[in-house]
């Protein structure tokens, strides 16, 4: 069997993520991300979750187009958002915005169950095929409006939203367990912040702005 031709590029990607984290220590409040997260990112083949035309750029620290006017987030942002969730092996996680499934594949390697909602049928269909090829058996996918979450499977230990909203959607907050964490980009398109939402054991929530970001907007949020 030939060695993985992308293995070295993945290692370089991890090194770039580590350097970016050090550079942003002041804003992030730490100089390194979780080893478990970086390990998962070193294993999951990002090139399998982008269109073939941009495969050569899969491990560059940059967002890439995935079709339907959507993008896959840059690796550093994927790593940071995953790290902020403080995932535990037994967690059940809700992801809003499956895209082509890369973030779901990372989550799949770190937790017990992933529930992922995608608004665009073409992306949802492709994600299903790509995740199946990678043997990600603990992910359940749904085509639907992510603004409303997935109440049938709530509550969730963690929630990750990969599209921007003006405010945190109330249904998602309701579906987060006490003691849970949510990571979501919020604010107006030109001044979005990556926000960490924490719900304490009594159900009270606090939010913290982590970093300036730019995400495409959550489809269906206007509803």
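Quick notes on this one:
- Among the residues of the range 187-202, not a single one is crowded, with 21+ Cβ neighbours inside 10 Å, in a helix (DSSP H, G or I) and either at negative phi or touching a residue at least 24 places away in the same chain (Cβ under 8 Å) (or both).
- Check on residue 205, surrounded by fewer than 21 Cβ atoms within 10 Å (Cβ to Cβ), in contact with a helix residue (DSSP H, G or I) (Cβ under 9 Å, 6 or more places away or on another chain) and in contact (Cβ under 8 Å) with a residue 24 or more places away in the chain: yes
- Some residue of the range 57-69 being under 27 Å from residue 140 (Cβ atoms), modelled with pLDDT of 95 or more, surrounded by 15 or more Cβ atoms within 10 Å (Cβ to Cβ) and in contact with a strand residue (DSSP E or B) (Cβ under 6 Å, 6 or more places away or on another chain): no
- Within the range 164-177, the set of residues being more than 12 Å from residue 94 (Cβ to Cβ) and in contact with a helix residue (DSSP H, G or I) (Cβ under 7 Å, 6 or more places away or on another chain) comprises just one member, 164.
- Checklist (1) under 22 Å from residue 215 (Cβ atoms); (2) surrounded by fewer than 20 Cβ atoms within 10 Å (Cβ to Cβ) applied to residue 176, failing item: (2)
- Near pairs, Cβ below 8 angstrom, 6+ apart or cross-chain, from the range 43-61 (within 11 Å of residue 106 (Cα to Cα)) to any residue that is loosely packed, with under 13 Cβ neighbours inside 10 Å: 45/4
- If only residues of the range 203-214 that are in a loop (DSSP other than H, G, I, E, B) and closer than 25 Å to residue 71 by Cβ are counted, the one that is modelled with the highest pLDDT is 213.
- Which numbered condition residue 184 misses (of (1) under 20 Å from residue 107 (Cβ atoms); (2) touching a strand residue (DSSP E or B) at 6+ places or on another chain (Cβ under 7 Å); (3) outside any strand (DSSP E or B)): (3)
- Selected residue (only one of 118, 113, 86 is over 10 Å from the mean Cα position of the chain (by Cα) and over 22 Å from residue 195 (Cα atoms)): 113
- Only listed residue being closer than 18 Å to residue 215 by Cβ, modelled with pLDDT under 95 and either touching a strand residue (DSSP E or B) at 6+ places or on another chain (Cβ under 6 Å) or surrounded by fewer than 21 Cβ atoms within 10 Å (Cβ to Cβ) (or both), chosen from 98, 165: 165
- Filter pass, residue 39 being over 19 Å from residue 162 (Cβ atoms) and in a helix (DSSP H, G or I): yes
- Residue 125, sole failed condition from (1) touching a helix residue (DSSP H, G or I) at 6+ places or on another chain (Cβ under 7 Å); (2) surrounded by fewer than 16 Cβ atoms within 10 Å (Cβ to Cβ): (1)
- Flag if residue 217 is at negative phi, at pLDDT 95 or above and under 17 Å from the mean Cα position of the chain (by Cα): no
The values are calculated or read from the model by the stated rules, or taken from the named source; none is laboratory data. What you see is a predicted model; the values in this text were computed from it and never measured. For neighbour counting, all protein chains shown are included, and Cβ atoms are generated from backbone atoms with ideal geometry for every residue, glycine included.
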